[in-house]
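This report concerns only the one structure given below.
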Amino acid sequence: EAQVTQNPRYLITVTGKKLTVTCSQNMNHEYMSWYRQDPGLGLRQIYYSMNVEVTDKGDVPEGYKVSRKEKRNFPLILESPSPNQTSLYFCASSRSRGYGYTFGSGTRLTVV
Amino acid sequence: SQQGEEDPQALSIQEGENATMNCSYKTSINNLQWYRQNSGRGLVHLILIRSNEREKHSGRLRVTLDTSKKSSSLLITASRAADTASYFCATEPTGNQFYFGTGTSLTVIP
């Protein structure tokens, strides 16, 4: 089944403790992206990747890192999480620009 | 900055009625897409309309695009309770980013 898999689905962590949210797609998509969704703010793009080893900042990249060493994986790294990063995170992939996105199921992160 | 803004923010209709939601955006785009999100879950791609298209249909969905007004509308005909969800427009401008609006929350009352 074609899908984007995110893990974990739920995560509660403490301020400053590094964490990684994994994202993997099995559709050989070139374009991958991370979004956060907050009430009243919609979805905001954190980082995106056009292909392997090609990443760029979205609208809200501060406090996040990404890497794209393989085409299928696009992990999101929070080196020192803070409470304002409490949010619902989505990974998404697309064949390329000009095509629809496939979304993962989301990761609900709480930073206390 | 967000490209798309949906209107209305919330919409409540009876089952069987049509639902119309609108999206306005700010800059030139390559395409505009509509997505559905059931509460707290991932978004599902519904339909994509390219900048050189004016109207597109998919099942009970009809999307229009007016690039001169920088606006789009999504019409869901003969709505069902299962259509209850949030609907987002997303725009792909000429750069590499992709922008979502804040969404329209649709409630279909059985």
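The values are calculated or read from the model by the stated rules, or taken from the named source; none is laboratory data. Predicted model only: the values in this text are computed from it and were never measured. As a convention, Cβ positions derive from the backbone with ideal geometry for all residues, glycine included, and neighbour counts pool all protein chains shown. Note: areas computed on protein heavy atoms with side chains; ligands, DNA, RNA excluded. Shrake-Rupley method; radii C 1.70, N 1.55, O 1.52, S 1.80 Å.
Tabulated data
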{"read-out": "Enumerated strands (runs of 3 or more DSSP E) restricted to the stretch A:1-64, each holding at least 2 residues that are modelled with pLDDT of 95 or more, out of contact with any His (no Cβ under 9 Å at 6 or more places or on another chain) and away from chain B (no Cβ under 13 Å)", "value": "A:10-13, A:19-25"}
{"read-out": "Within the stretch A:71-95, considering residues that are of a type in the set (Gly, Ala, Ser) and in a strand (DSSP E or B), the one surrounded by the fewest Cβ atoms within 10 Å (Cβ to Cβ)", "value": "A:SER87"}
{"read-out": "Scan of the stretch A:53-70 for residues that are open to solvent by 50 Å² or more (accessible area, probe 1.4 Å) and either closer than 30 Å to B:ILE47 by Cβ or of a type in the set (Val, Ile, Thr) (or both), ordered by number", "value": "A:VAL54, A:THR55, A:ASP56, A:LYS57, A:ASP59"}
{"read-out": "Residues satisfying the stated conditions in the stretch A:9-52, i.e. of a type in the set (Asp, Glu) and open to solvent by 30 Å² or more (accessible area, probe 1.4 Å)", "value": "A:GLU30"}
{"read-out": "Hey, B:SER12 assigned to a loop (DSSP other than H, G, I, E, B) and either over 15 Å from the mean Cα position of the chain (by Cα) or modelled with pLDDT under 95 (or both) or not", "value": "no"}
{"read-out": "Test: residue in the stretch B:26-49 that is closer than 21 Å to A:GLY98 by Cβ, open to solvent by 50 Å² or more (accessible area, probe 1.4 Å) and touching a Leu at 6+ places or on another chain (Cβ under 6 Å)", "value": "yes"}
{"read-out": "Hits in the stretch A:65-85 - residues which are of a type in the set (S, T, N, Q) and either within 14 Å of another protein chain (Cβ to nearest Cβ) or closer than 22 Å to A:SER24 by Cα (or both)", "value": "A:SER67, A:ASN73, A:GLN85"}
{"read-out": "Those residues of the stretch B:66-110 which are of a type in the set (A, V, I, L, M, F, W, C), within 15 Å of the chain's Cα centre (by Cα) and more than 18 Å from B:GLU53 (Cβ to Cβ), in sequence order", "value": "B:ILE76, B:ALA85, B:PHE88, B:PHE98, B:PHE100, B:LEU106"}
{"read-out": "Residue in the stretch B:65-78 that is at the interface with another protein chain (Cβ under 10 Å from one of its Cβ atoms) and not hydrophobic (A, V, I, L, M, F, W, C) present", "value": "no"}
{"read-out": "Single residue of A:ILE46, A:ILE77 found to be farther than 19 Å from B:TYR87 by Cβ, in contact with an Asp or Glu (Cβ under 9 Å, 6 or more places away or on another chain) and aliphatic (A, V, I, L, M)", "value": "A:ILE46"}
{"read-out": "Boolean, B:SER39 is in a loop (DSSP other than H, G, I, E, B), within 14 Å of another protein chain (Cβ to nearest Cβ), within 24 Å of A:LEU88 (Cβ to Cβ) and among the hydroxyl-bearing types (Ser, Thr, Tyr)", "value": "yes"}
